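Below is one structure, written out as structure tokens; the observations come after it.
Readers should treat all values here as calculations from the given coordinates under stated rules, not as data from a laboratory. This one's a predicted model, so the numbers in the text were calculated from it and none came from an experiment. We place every Cβ from the backbone using ideal geometry, glycine too, and count neighbours over all the protein chains shown.
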Amino acid sequence: RVYTERVTDARTGGDSDSLTLSSYLENRFNDPSRLLRGISALLIIVFYFFYVASGLVAMAGLFDQVFGLNPVLSVAIGVGIVVLYTVLGGFLAVSLTDVVQAAMMWLALLIVPIMVIVSLGGFGGLTDGVADKSDGLLSVMGGTSLNAETLAWESTDALGWVVIVSGLAWGLGYFGQPHILSRYMGITSVTQIRKAGIVSVSWAVSAMALAVLVGFVGIAYFDTPLADAEQVFPRLVSALTHPLVAGVLLAAILAAVMSTADSQLLVAASALTEDVYKGFIARDADSKVLLWISRVTVIAVALAAAGIALWGNSSVMDLVGYAWAGFGSAFGPVLLLSVFWRRMTWTGALAGMVVGATVAIVWENVAAWLTALGIYDTLPVFLQDFLSVYAMVPAAALSFVAVFALNSLGRVSDVMESDFDRVEHEVRHLRAEAPVG
């Protein structure tokens, strides 16, 4: 947040007041090639195609469950709703509505498990219900999976470390998500960062814990596992509540989709208008022109995401995992090092960004490629397990390696050193004055 304001503008001098991650990267490293700005903007737009698509898939599932609508009409309605208020309201509207939507999501995630636990006879009934399906479901190390064809729980030889490491790796993704970081970049005052961190982390930890609980109560409540596990929340709501109450609780799913999709569309629009059009084509472009380009971008990204949602044949989790790994690996290591490492250069940042994104994309398809070649089944079990690790693990690790390996090809300018010292001094001063809560 401090760097986005204070770092020297790479082209004009003076405080840059960067509006996007791409502009921050160019200014932070005084990038003479301008590759950081261009490639990062391209990655942001491409990965958001898949991320927004995940929300539309979830929305289509909700509309099918509640209204029996076909996927095309469901996605069309979803795109229309999100695009309309994103285009009309902009950043402020998205920020305000996200607060309400986040509250709805949290309350729904709290209420539904409580209702199920009560119907099962308390926590004892919950644990007994889960254990009855399979003893391995309550094991920390896993060893149980659902057979998609028979819908039966089966013991597996999968190593617990694969599941644990892959799950923990999702945490690395937060450091590179543009739609999350933009909230901190755009906060009114730096002194509010600590309070914002407490609120956001508290919400995330509690909401994720409640989401896991929803999964467990679903296993215990339904005699037969659901063919589509991602429908567990609406199925529980429909089974336990009056239609009027169900409508309010199911609206929380819509809130979850909208609160994420609108932020992503805004960031994608900013990447094209600020980093591509204004950055490379017309630096002094009129604000009205930029506004219309931004609006057209929101619509274009939403339509591309709709295509992926309808014809991509992927689950919500698959799409989110793909985009999350892409962003986290491409930007996470680079952004972390950029604020802590004085000697980092633009070549190191570019290498980390490109390698992280490339490995995240390729890793998701390695197992499928090897299977098509008839090689996968001949590999040792430990290698098969390694290839099943979430893409974030190898991609982020190799991103860090690439930064350090190629960092020396660039140089740290006097301006970069001066900026680093100035920002460090200001951050220390602000931390001393920032309120705790």
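List of remarks:
- Cα radius of gyration and Dmax for the range 85-213 (Å): 19.6, 55
- Pair-distance profile P(r), taking every C-alpha pair of the chain, with 10 angstrom steps and integer %: 4, 18, 29, 27, 15, 6, 1
- For the chain, modelled as a GNM whose springs connect Cα atoms under 10 angstrom apart, the maximal fluctuation among G348, G247, G328 occurs at G247.
- Its alpha carbons give the range 280-413 an Rg and a Dmax of 19.2, 60 Å.
- With R₀ set to 22 Å, the beta-carbon distance separating V245 from V100 gives a calculated FRET efficiency near 0.75.
- Packing order of peptides 144-153, 10-19, highest average first: 10-19, 144-153 (average count of other Cβ atoms within 10 Å over each peptide's residues).
- Label-to-label distance, R431 versus R235, with points set 7 angstrom from Cα along the beta-carbon direction: 4.8 nm.
- Summed over all non-identical Cα pairs, the Kirkwood treatment of the range 158-256 gives a radius of 16.6 Å.
- Lysines with Cα under 17 Å of K288, excluding same-chain neighbours fewer than 8 positions away: K278
- Environment charge of Y51, counting only residues whose C-beta is closer than 15 Å and scoring Lys/Arg +1, Asp/Glu -1: -3
- Under the Karplus curve 6.51 cos²θ - 1.76 cosθ + 1.60, θ = phi - 60°, whole-Hz ³J(HN,Hα) for the range 229-238, x wherever Gly or Pro sits: 4, 6, 9, 4, 5, x, 5, 5, 4, 5
- Positive-end extreme of charge dipole, the range 83-196 - chosen from M105, S166, A152 (charges on Cβ): M105
- Alpha-carbon Debye profile of the range 58-157, log10 I(q)/I(0) at 0.17 Å⁻¹: -1.01
- Most fluctuating residue given options L240, L210, L303, as computed from a GNM of the chain linking Cα atoms under 10 Å: L240
- Under 5 Å, built H, 5+ apart or other chain: amide partners of T144: T156
- Average Cα contact separation per residue, the chain, under 8 Å, 6 or more apart, as relative contact order %: 28 percent
- With the simple model of a label 7 Å out from the Cα in the direction of the Cβ, F404 to W161 spans 2.1 nm.
- Dipole magnitude of the range 2-433, debye to nearest 20 (Cβ charges: Lys/Arg +1, Asp/Glu -1, about Cα centre): 980 debye
- Candidates F49, F222, F175: whichever shows maximal mean-square fluctuation once the chain is modelled as a Gaussian network with Cα springs under 10 Å: F222
- Computed from the C-beta positions of S139 and I375, the FRET efficiency with R₀ = 35 Å rounds to 0.65.
- The angle between the Cα long axis of helix 71-119 and the longest principal axis of the Cα atoms of the chain comes to about 40 degrees, rounded to the nearest 10.
- Cβ-Cβ FRET estimate between S413 and V46, R0 fixed at 25 Å, reported to 0.05: 0.25
- Sorting D9, D414 by the number of Cβ atoms found within 10 Å of their own Cβ, with the fewest placed first, yields D414, D9.
- With Cα atoms, 0 to 90° folded angle of helix 392-406 axis to the chain main axis: 20 degrees
- Along its three principal directions, the equivalent ellipsoid of the range 1-71 from the Cα gyration tensor extends over semi-axes of 40, 13, 6 Å, largest first.
- Mean residue ellipticity, 222 nm, helices only, the chain: the sum of -39500 (n - 2.57) across DSSP H runs of n ≥ 4, divided by residue count and rounded to 500, is -24000 deg cm²/dmol.
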